[in-house]
1. Could you please give the count of residues in the range 102-124 that are over 24 Å from LEU35 (Cα atoms) and hydrophobic (A, V, I, L, M, F, W, C)?
2. Would you please name the residue that is nearest to GLY153 (Cα to Cα), looking only at residues in the range 263-289 that are crowded, with 24+ Cβ neighbours inside 10 Å and among the hydrophobic types (A, V, I, L, M, F, W, C)?
3. Identify all residues within the range 142-186 that are in a loop (DSSP other than H, G, I, E, B) and either modelled with pLDDT under 80 or not hydroxyl-bearing (Ser, Thr, Tyr) (or both); write none if there are none.
4. Can you name the residue in the range 187-219 that is in contact with a Leu (Cβ under 7 Å, 6 or more places away or on another chain) and of a type in the set (Lys, Arg) and, of all such residues, is modelled with the highest pLDDT?
5. If you check LEU115 against the conditions, is it farther than 25 Å from GLY279 by Cα, modelled with pLDDT of 90 or more and of a type in the set (A, V, I, L, M)?
6. Would you check if ARG85 is over 18 Å from LEU189 (Cα atoms), basic (Lys, Arg), surrounded by fewer than 24 Cβ atoms within 10 Å (Cβ to Cβ) and at pLDDT below 95?
7. Considering only the range 214-306, give the helices (runs of 4 or more DSSP H) lying wholly within it that have at least 2 residues that are free of Cβ contacts under 8 Å to residues at least 40 places away in the same chain.
8. Of all residues in the range 155-191 being within 21 Å of SER56 (Cβ to Cβ) and among the aliphatic types (A, V, I, L, M), which is surrounded by the fewest Cβ atoms within 10 Å (Cβ to Cβ)?
Amino acid sequence: MVANVLPAFLVLGLGALARRWGLLNAQSAAGLNRLTANVALPALLLLTVGTSPLASGFSAPLTGATTLLVVGMGVAAFVVARLLRLPSAQRGVFSQAAFRGNLAYMAFPVILATLGEEGLRRAALTSAVLIPVMNFLAVVVLQLARGGSGGWGKWAWAVMTNPLVLGANLGLVLSAISWQPWVWLERTLKIVADFALPGALLALGAQLEVEKLRDVRGPLFLASFAKLVLLPGAGFFLLRALELPTLEVQVGVMLLASPTAVASYPVAVEMGGDSRLAGAAVLVTTALAFPAFVLWGMACAVSAPG
C-alpha cells in the first residue's frame, strides 16, 4: 500500500522543492494551478466520466452514501463551530475544512495508483456528483457564517460555472447518452488529461505555505481529525454495512479520506473567512493524508471478504 501511495506524495514534494529552488515562483505556481484546474482536470473528468458506461460504472449506493456523509459532516461541523463559539470568520472555514476533499488533485492519483483504471473510473463517476455538492455546500456554510445576507446569486453562478463542475456535469450527460468521441477528439483529450494528475500535484506542492499554521491550532486539529479520521471512518462502516463490492468501498473511503481541497482557500478568503485557518487546513491535512490513505487502504484490504 505504501508503494502505491508514496509516488503521489513524492510528486507533490517535488512541487514544493521546485518552488524552493526557484523553478516555480508564486506567479508561475498559480498559473500552473489555473491551467490544471481550468483545462486539464475538466478534460480528465470529461473523458473518464463521459466515456464510462453509466449503467454499469455508476453506483447509486456509493454515490448516495458518500454524498450523504459529506453533507452530514458539513452540517455537523458547522453546529460544532457554533457550540465552540468560534469567531464568525472561522465557522464556515472550519466546516468546509472538515468535508471538502481534494478529490481531483489528491484522491484521483492515489486511487489510480492503488486501484487502477477501473477504480479511477468509479471515482470519477462518483465525483461527478460529489464535486458540485461540495462546491455548493462550501458556499452555503461560508455564507451562513457571515450572516447569510446577499450574494447568493453571485456565488451560485460561480459554482455552476466552475470548470470542474462543468466537466463533471457534462461528463455525466455524455455518459448517459453513451457518448463515443471522434478518434481525434479522444486523443486530444487524452493528451491534456494525462497532464492533469502530475500537474495538479506539482501545483499543489508549490502552493503550500507553512507560515499559515500560526494561531489556529485548536480548530485546525478538530477539522483535520474530522476530515481524515471521522469522515472516512463513517464511510468505511456505512459502505461495508451496505455490502457494496470491495472496489466501491475502497473508492468511497479514499474519496472521503482526501485532504481539504486547495480550492477551499481562495473561496474562504473571498467570502471573508479566516485565511490562516483555511490555508493551515489545506497544508496540515495534505501532510497527514499520506498516513491516512495508507491506513484506510490497509483497513479496506484487510476487511475485504475472502
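1. 1
2. The selected residue is ALA268.
3. ARG146, GLY147, GLY148, SER149, GLY150, GLY151, ASN162, ILE177, TRP179, GLN180, PRO181, TRP182 - these are the residues of the range 142-186 that are in a loop (DSSP other than H, G, I, E, B) and either modelled with pLDDT under 80 or not hydroxyl-bearing (Ser, Thr, Tyr) (or both).
4. Looking at the filtered set, the residue picked out is LYS190.
5. When the stated conditions are applied, LEU115 passes them.
6. Values: over 18 Å from LEU189 (Cα atoms): yes; basic (Lys, Arg): yes; surrounded by fewer than 24 Cβ atoms within 10 Å (Cβ to Cβ): yes; at pLDDT below 95: yes.
For ARG85, the condition - over 18 Å from LEU189 (Cα atoms), basic (Lys, Arg), surrounded by fewer than 24 Cβ atoms within 10 Å (Cβ to Cβ) and at pLDDT below 95 - is met.
7. In the range 214-306, 217-225, 231-241, 264-270, 275-303 are the helices (runs of 4 or more DSSP H) which contain 2 or more residues that are free of Cβ contacts under 8 Å to residues at least 40 places away in the same chain.
8. Out of the qualifying residues, it is ILE177.
The values are calculated or read from the model by the stated rules, or taken from the named source; none is laboratory data. From a predicted model like this one, the values you see are computed outputs, not experimental measurements. Note: ideal-geometry Cβ built from the backbone for every residue, glycine included; neighbour counts use all protein chains shown.
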